[in-house]
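Contents: one structure, followed by commentary.
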Amino acid sequence: MSETSASLSTGARAHPRHHPSYVRIWAILAILLVVSVTGPFLGIRTVTLITAFGIAIVKAYLVAKYFMHIGLERRFVVYLLVAMLAIMVLMVGGFSPDVMKHDGLRWENVGAKTEVGRGEARANEGAHH
């Protein structure tokens, strides 16, 4: 009789043991989440971009390596990271020209223009006080 079946037959419950790195990695991911959420509150665009994209890369690596069990196949993790970076660069490069504009050849973003106008008005009011 094996140890597991013997312990179950005596009424003792077998508790699955978690790999110690799972809890540690989860804690690291939670800390990185807090950092990536608080980064934009500093109001510095460069810091926001570095924290958002840098932490996203680290979190993707940790999840792929430890939770997807790809740690044994290092080159696949590298391929995943390179593919993710390429897709991220393509998306930011493709969307940012449209997102940063308020009008185009056949379209106009009235809401964005209105909000920018309100923000400028508030900034001007704050400068006068």
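The values are calculated or read from the model by the stated rules, or taken from the named source; none is laboratory data. Being a predicted model, the structure only gives us computed values, none of them experimental. Glycine gets a Cβ as well: all are built from the backbone with ideal geometry, and neighbour counts include every protein chain shown.
When GLY93 is tested against (1) within 30 Å of MET68 (Cα to Cα); (2) in contact with a strand residue (DSSP E or B) (Cβ under 8 Å, 6 or more places away or on another chain), just one condition goes unmet, and that condition is (2). Quick one: would you say GLY104 is of a type in the set (Gly, Ala, Ser), exposed (fewer than 11 other Cβ atoms within 10 Å of the Cβ), more than 19 Å from the chain's Cα centre (by Cα) and modelled with pLDDT of 85 or more? No, not satisfied.
Based on this model, can you work out whether GLY39 counts as over 20 Å from VAL89 (Cα atoms), free of Cβ contacts under 8 Å to residues at least 40 places away in the same chain and loosely packed, with under 12 Cβ neighbours inside 10 Å? Before the answer, list the steps.
Details: over 20 Å from VAL89 (Cα atoms): yes; free of Cβ contacts under 8 Å to residues at least 40 places away in the same chain: yes; loosely packed, with under 12 Cβ neighbours inside 10 Å: no.
No; evaluated as a whole, the condition is false for this residue.
The set of residues in region 56-75 being over 19 Å from SER21 (Cβ atoms) and either not in a helix (DSSP H, G or I) or not charged (D, E, K, R) (or both) consists of ALA56, ILE57. Of ALA60, ALA52, ALA30, all but one fail to be in contact with a Leu (Cβ under 9 Å, 6 or more places away or on another chain), hydrophobic (A, V, I, L, M, F, W, C), within 27 Å of VAL92 (Cα to Cα) and modelled with pLDDT of 75 or more; the exception is ALA60.
Of these, ILE50, ILE25, which one is of a type in the set (Val, Ile, Thr), assigned to a helix (DSSP H, G or I) and touching a residue at least 24 places away in the same chain (Cβ under 8 Å)?
Details: ILE50 fails: touching a residue at least 24 places away in the same chain (Cβ under 8 Å).
Every option except ILE25 fails the conditions.
Select from region 53-69 the residues that are of a type in the set (Phe, Trp, Tyr) and in contact (Cβ under 8 Å) with a residue 24 or more places away in the chain and write down the one among them that is farthest from ILE28 (Cα to Cα). So the residue we want is PHE53.
Among the conditions (1) closer than 23 Å to ARG24 by Cβ; (2) touching a helix residue (DSSP H, G or I) at 6+ places or on another chain (Cβ under 9 Å), VAL78 misses just one, which is (2).
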